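A.B. asks: Quick one: structure below, then a few questions.
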């Protein structure tokens, strides 16, 4: 590796400082609270308490729902990104703005709006009754929570996939056709492998925020569906129990890092020869 | 080579956004031929190739492979293969898998795939490279992979879209020879697209000169060079002095104020014509012995010969000769009858001028800078007036 010049180091300094204060130090604080009790004595009780049924359930739900949200996002985003990448440049730009639009608004506002739309006297139910259908309980169902995750995070699935798709040379696709590939063969021999890096980062970018969310489940789950994020919030906000909250956070972080490592391993095969 | 037509394009018209790219084009390609579509960018040559490959459907007209109408048949069902301009290799596959692609799509037995791929790699001199990533190959090697990938399918026709344009000059020459050899060894019909006239002349059995969506001339390289059909072809292929002339009678052409003997006939008496004289066919002789007389305005030494520009009555002739002359000399030009080629007037007549400049761009720039200079002089004068 090349030695960095003083200037390069100086340019990097503000971020290094930022990262140290707001990322590294808090990590140590989380670790400290995890392994100590309320009086500051060393203990493993916090971690042990996570095996209680209540916590196990919210870990299970978190992983299940965010996996579902990730899969649904992928199924919707992949064909959309492909179609988008084959459109004319002007159309691509317009579609891009439409995809990005929700990201310009706060997640809190978006989720709150959906709460209004989906509630018993909300837009959807009013529409259903006017069509003569019975009112549905939408809020508080797993469906609503998963929908909220998909709605909020799907741009993060579309963007990386679109980004790699638009870099696929159209003549490579023509070459595949020329050599005898019809649509399906072209998809699984060329498009899928070449877009894999985008799929992997899309999966990561949807799964990670979904698995750690608390706001979406709180509002659209009507407090009935408690994910890990909600558990952490409850420990810290309501019960003032920083130690168990920290233990939950630490386990969640380990979980996320593990799943990212797994994805990286999976993507590693294709990544290498792609970008030399 | 036999005389059977393997591909026939009938009355093909293609429009992009209302702009006509191919205009009622008709072209027949014989089995086993090396055909080159030659023209500058935008002439429709690549579009023609894409229609044959099946990447593009013509707005009007019919495509025949032998007796079979191919309109509406998608690219992957056509028995032609393409070599793309930038090779379009599959970046996620190694050399072997790239070449094996078409065979795998056809679900051939593994042993056969193995054998055919290795045979192909041997043909293109890439035997040891089977496991290499294609991204790590040089341009020339990538080119060979692209050739092997297409030829391994034993297509009846190979389409080549400017395949040599990304290679350096020497490698290009080698690849020209190699492609020609492969074509002759396999007997596959090659349809080769290029904007490089030298490449077209040196490789092809038949050259198709295209411009503005029309075919200008079809013929052997010799025909195209020696007997250009109009001023466009004469100007595009090689260097030429194109003059305005009159065909007095059979075997007598008049231009630049002199009547020459020539070998062309069959024109009306006194029919206005375009005359082509190739620069290498003009001899420089002492002024008193020349058929034409002019003043040398430029001499460039090019190694093999000198390129001399001679001004004759305002028209600048280009002459390529091994005899030297001095700037400002008055010299005579002598032209043999068979060096004079007479063409019918066409819409291209008068478009190609003399050798005051070599390119149209330079001519426009000269004109523009003159105008700007005048404007500037005017401004200066105004400023001066203001000061006073």
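The values are calculated or read from the model by the stated rules, or taken from the named source; none is laboratory data. Predicted, not measured: the structure shown is a model, and the values here were computed from it. Cβ atoms come from the backbone with ideal geometry, glycine included; neighbour counts cover every protein chain shown.
A.B. asks: What do you reckon, is residue B:17 on the phi > 0 side of the Ramachandran plot, within 13 Å of another protein chain (Cβ to nearest Cβ) and surrounded by fewer than 21 Cβ atoms within 10 Å (Cβ to Cβ)?
C.D. replies: Yes.
A.B. asks: Here are some residues: A:239, A:235. Which one is out of contact with any helix residue (DSSP H, G or I) (no Cβ under 8 Å at 6 or more places or on another chain) and more than 14 Å from chain B (Cβ to nearest Cβ)?
C.D. replies: Being out of contact with any helix residue (DSSP H, G or I) (no Cβ under 8 Å at 6 or more places or on another chain) and more than 14 Å from chain B (Cβ to nearest Cβ) holds for just one of A:239, A:235, which is A:239.
A.B. asks: Here's a follow-up. Pairs needed: first member in region B:89-101, touching a residue at least 60 places away in the same chain (Cβ under 8 Å); second member anywhere, part of a loop (DSSP other than H, G, I, E, B); C-beta distance under 9 Å; at least 6 residues apart or different chains.
C.D. replies: B:89/B:137
A.B. asks: Among the residues of region A:170-183, which ones are within 7 Å of another protein chain (Cβ to nearest Cβ) and either at pLDDT 95 or above or surrounded by 17 or more Cβ atoms within 10 Å (Cβ to Cβ) (or both)?
C.D. replies: Once the filter is applied, which keeps residues that are within 7 Å of another protein chain (Cβ to nearest Cβ) and either at pLDDT 95 or above or surrounded by 17 or more Cβ atoms within 10 Å (Cβ to Cβ) (or both), region A:170-183 yields A:171, A:172, A:174, A:175, A:177, A:178, A:179, A:180, A:181.
A.B. asks: Being more than 14 Å from every other protein chain (Cβ to nearest Cβ) and within 16 Å of residue A:178 (Cα to Cα) is the filter here, so list the residues in region B:162-191 that pass it.
C.D. replies: B:190
A.B. asks: Across region B:135-146, what is the total count of residues that are more than 8 Å from chain A (Cβ to nearest Cβ), touching a residue at least 40 places away in the same chain (Cβ under 8 Å) and over 16 Å from residue A:180 (Cα atoms)?
C.D. replies: 4
A.B. asks: While we're on this one: Out of all the residues in region B:35-52, which are crowded, with 21+ Cβ neighbours inside 10 Å and either in contact with a helix residue (DSSP H, G or I) (Cβ under 9 Å, 6 or more places away or on another chain) or free of Cβ contacts under 8 Å to residues at least 12 places away in the same chain (or both)?
C.D. replies: B:36, B:37, B:38, B:39
A.B. asks: Checking the conditions here, which among B:99, B:124 is in contact with a helix residue (DSSP H, G or I) (Cβ under 6 Å, 6 or more places away or on another chain), farther than 22 Å from residue A:193 by Cβ and either modelled with pLDDT under 95 or within 13 Å of another protein chain (Cβ to nearest Cβ) (or both)?
C.D. replies: B:124
A.B. asks: Still on this structure: Which one of these does residue A:247 not meet: (1) away from chain B (no Cβ under 14 Å); (2) surrounded by 21 or more Cβ atoms within 10 Å (Cβ to Cβ); (3) under 22 Å from residue A:74 (Cβ atoms)?
C.D. replies: Failed condition: (3).
A.B. asks: Moving on to the next point. Of the residues B:153, B:159, only one is surrounded by fewer than 23 Cβ atoms within 10 Å (Cβ to Cβ), touching a strand residue (DSSP E or B) at 6+ places or on another chain (Cβ under 7 Å), touching a residue at least 60 places away in the same chain (Cβ under 8 Å) and within 13 Å of chain A (Cβ to nearest Cβ); which?
C.D. replies: One residue alone meets the criteria, B:153.
A.B. asks: Out of region A:140-149, which residues are surrounded by fewer than 22 Cβ atoms within 10 Å (Cβ to Cβ) and closer than 18 Å to residue A:203 by Cα?
C.D. replies: Within region A:140-149, just A:147 meets the criteria.
A.B. asks: With (1) touching a helix residue (DSSP H, G or I) at 6+ places or on another chain (Cβ under 7 Å); (2) modelled with pLDDT under 90; (3) farther than 20 Å from residue A:175 by Cα as the list, and residue B:169 as the residue in question, which single condition is left unmet?
C.D. replies: Only one criterion in (1) touching a helix residue (DSSP H, G or I) at 6+ places or on another chain (Cβ under 7 Å); (2) modelled with pLDDT under 90; (3) farther than 20 Å from residue A:175 by Cα is unmet by residue B:169, namely (1).
A.B. asks: Taking region B:74-92 as the region of interest, how many residues are more than 7 Å from chain A (Cβ to nearest Cβ), more than 22 Å from the chain's Cα centre (by Cα) and surrounded by 19 or more Cβ atoms within 10 Å (Cβ to Cβ)?
C.D. replies: Here the count works out to 3.
A.B. asks: Could I ask something else about it? What's the number of the only condition in (1) away from chain A (no Cβ under 14 Å); (2) touching a helix residue (DSSP H, G or I) at 6+ places or on another chain (Cβ under 6 Å) that residue B:60 fails to meet?
C.D. replies: With respect to (1) away from chain A (no Cβ under 14 Å); (2) touching a helix residue (DSSP H, G or I) at 6+ places or on another chain (Cβ under 6 Å), residue B:60 is out only on (2).
A.B. asks: Which is assigned to a helix (DSSP H, G or I), over 13 Å from the mean Cα position of the chain (by Cα) and surrounded by 17 or more Cβ atoms within 10 Å (Cβ to Cβ), of B:179, B:171?
C.D. replies: B:179
A.B. asks: Which one of A:167, A:186, A:134 is within 14 Å of another protein chain (Cβ to nearest Cβ) and in contact with a helix residue (DSSP H, G or I) (Cβ under 8 Å, 6 or more places away or on another chain)?
C.D. replies: A:186
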